[in-house]
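Enquirer: One structure coming up, written as structure tokens, with questions to follow.
What follows is calculated from the coordinates using simple rules that are stated; it is not laboratory data. No experiment lies behind these values; they were computed from the predicted model shown. No Cβ is skipped: glycine too gets one built from the backbone with ideal geometry, and neighbour counts run over all protein chains shown.
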Amino acid sequence: MDQQQHLGPRQSQDQQQRPQQQHPVISDLCFHLYESSNVVDDDDAPSQSPVIGAPPPSSSSYSGGKTKKKSSSYVPLPVAAIRVLLDVIRRSEAETMMGLQADLRDASDVMIDFASRGGPVVETTIIDPNTNATITTTRYILAGRYHIALKSGCELFLTHVTRASLETPDFQLCKARVLERGTAFASYSIRARHRISAVGSPFVRDGCAVLTHGRSRVVESLLLRAALHEGKRFRLYVLEGRPDAGGARTARTYADAGIPTTVVLDSAMGHVMERIDMVLVGAEGVVENGGTVNKVGTFALGVVAREMGVPMYVAAESYKFTRLYPLNNADLPQMTNDGPAGSLMFLDTLAWSADAVNRRRRTAPPADDGDGDDGGDRTANTTEIVDSLRPYVVKLPPSVSIENPPCDFTPAKYITLLFTDLGVLTPSAVSDELIRLYQ
């Protein structure tokens, strides 16, 4: 099946003329999200996060003499945002720290607003092998997620810029140091998944059953390390839920790696929990009280796991630690999935409808009749009508409202441990780490 992909800002018909879509910050963000990066596969990488306001570690402390490998995979959103802010500093015409901080705050606001509306899209063109029709799909890569991690990364960067300005009064010298240390911080952050995999994989026991929910690249990294690098055999259960089919997509990743994988509807989490030895999920954000914000359904998963005595672990990078203190889901900032990125289609997969589709195909003419005329095109176009089956769509009346939250809040009491690039933490230790990060 032929595919072509294009990454760029959303350009829906009702938004093409919005000035923000042409903002250079948005172009930079789209670029950095899929920018190739040097990734170090180093188990001995330092567990201490470099602080932007402190002297940067030497490059040898990061590489450890290991060979760097080029990776073109998706860059974490907060890391991409930090790189964008570094670009803003490089091209800023401000002559004072106050002016530079204003430019950085404006860029942060633009990125947060853009991400809250679904962010950039990947357009994929597919040739249907059955109908030969060209199908173009548009995927909002940030849909179904929350921008809490992006906001946290921007706030952390701005905090350290302020710290650097207090330590170094000279504007040009301060600007140079912020660029140097910010680059080191971004490089550290891109390797956080490898450090989390190293501290979390020992908790995956040989022969155990693991349940996960949503698509988390740090969870994928941890489980793939346990299976491929450590040779552990375990069975994986992946919960599938709305609206992005993330469970089905991540199940394909695990299956391709040879891990026995079962996809289960998230509504059946209680049914499958009695077979599970550990629950492992990612996080969009880790809040001050040790709770997490993650794909909707994680809260219910935590409740079921605790009730049935199954430990629940969260794998998250330290740049997702955020200064929020929600007590319940109502305390979270407004999270919506409006527009095409968060729309729901209700399918009855037990009922199918058929559409008549015209399909053009090239067929060979009858065999040569012996008249010696073999010139010209010896194929002909014919048209046939075929039935294209699709699930039946249940349409709701306008009087029915639809609530489709992308994420929910899981209180700390349902979380056993957190696997982070700072080490294995208890939920109560998160507040101490936040103080250290922002002091």
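Enquirer: Hey, can you grab everything whose amide H is under 5 Å from the amide H of Cys208? Only 5+ residues off in sequence or another chain; H modelled, so Pro and N-termini drop out.
Expert: Answer set, sorted by chain and number: Arg235.
Enquirer: In what sequence, highest mean first, do 254-261, 285-292, 93-100 appear when ranked by Cβ atoms within 10 angstrom?
Expert: By packing density, highest mean first, the sequence is 285-292, 254-261, 93-100.
Enquirer: Amide H neighbours of Thr262 under 5 Å, at least 5 residues apart or on other chains, H built in the peptide plane: list them.
Expert: The answer is Leu236, Tyr237, Val238.
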